[in-house]
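J.: Sharing a structure here in structure tokens format.
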Amino acid sequence: MADYQVRKWRAWHRHMAMVALAGLFVMEEQLYQKPGDALLSTRDVVQILDWYFRSSPTLESVVEQIEQRHYRRRLASKSKFKIAAENEKEIRKKIFTV
């Protein structure tokens, strides 16, 4: 939103309204999905809508791609927490060994 450039004030307000509506739609989709599917992102919703309106790829392939992305996100978040925990252990060792 910050990098959007328009010439008139009215165009900026229209763009911001569309961005807010899109964000609301994505949030509602996240709430209506399965409770364990907290990784649903804007990109996932866009891909589902693209499939729904264009129906070029099969639904199974869209779901498979989304599941692969969710798997990679889970791994990335686990490794992020693991790295943070290791860094915290190193900091504690330095503090308490002094």
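J.: Testing residue 53 on (1) modelled with pLDDT of 80 or more; (2) surrounded by fewer than 12 Cβ atoms within 10 Å (Cβ to Cβ), one condition comes back false. Which one is that?
T.: Of the numbered conditions (1) modelled with pLDDT of 80 or more; (2) surrounded by fewer than 12 Cβ atoms within 10 Å (Cβ to Cβ), the odd one out for residue 53 is (1).
J.: While we're on this one: Can you run down the residue pairs with Cβ atoms below 6 Å, 6 or more apart or on separate chains, where the first is in the range 72-91 and small (Gly, Ala, Ser) and the partner is outside any helix (DSSP H, G or I)?
T.: none
J.: So for the range 38-50 (the condition being at pLDDT 75 or above and exposed (fewer than 10 other Cβ atoms within 10 Å of the Cβ)), does at least one residue qualify?
T.: No, the range 38-50 contains no residue that is at pLDDT 75 or above and exposed (fewer than 10 other Cβ atoms within 10 Å of the Cβ).
The values are calculated or read from the model by the stated rules, or taken from the named source; none is laboratory data. Only a predicted model underlies this, so the values are computations on that prediction, with no experimental measurement involved. Glycine also receives a Cβ, built like all others from the backbone with ideal geometry; neighbour counts cover every protein chain displayed.
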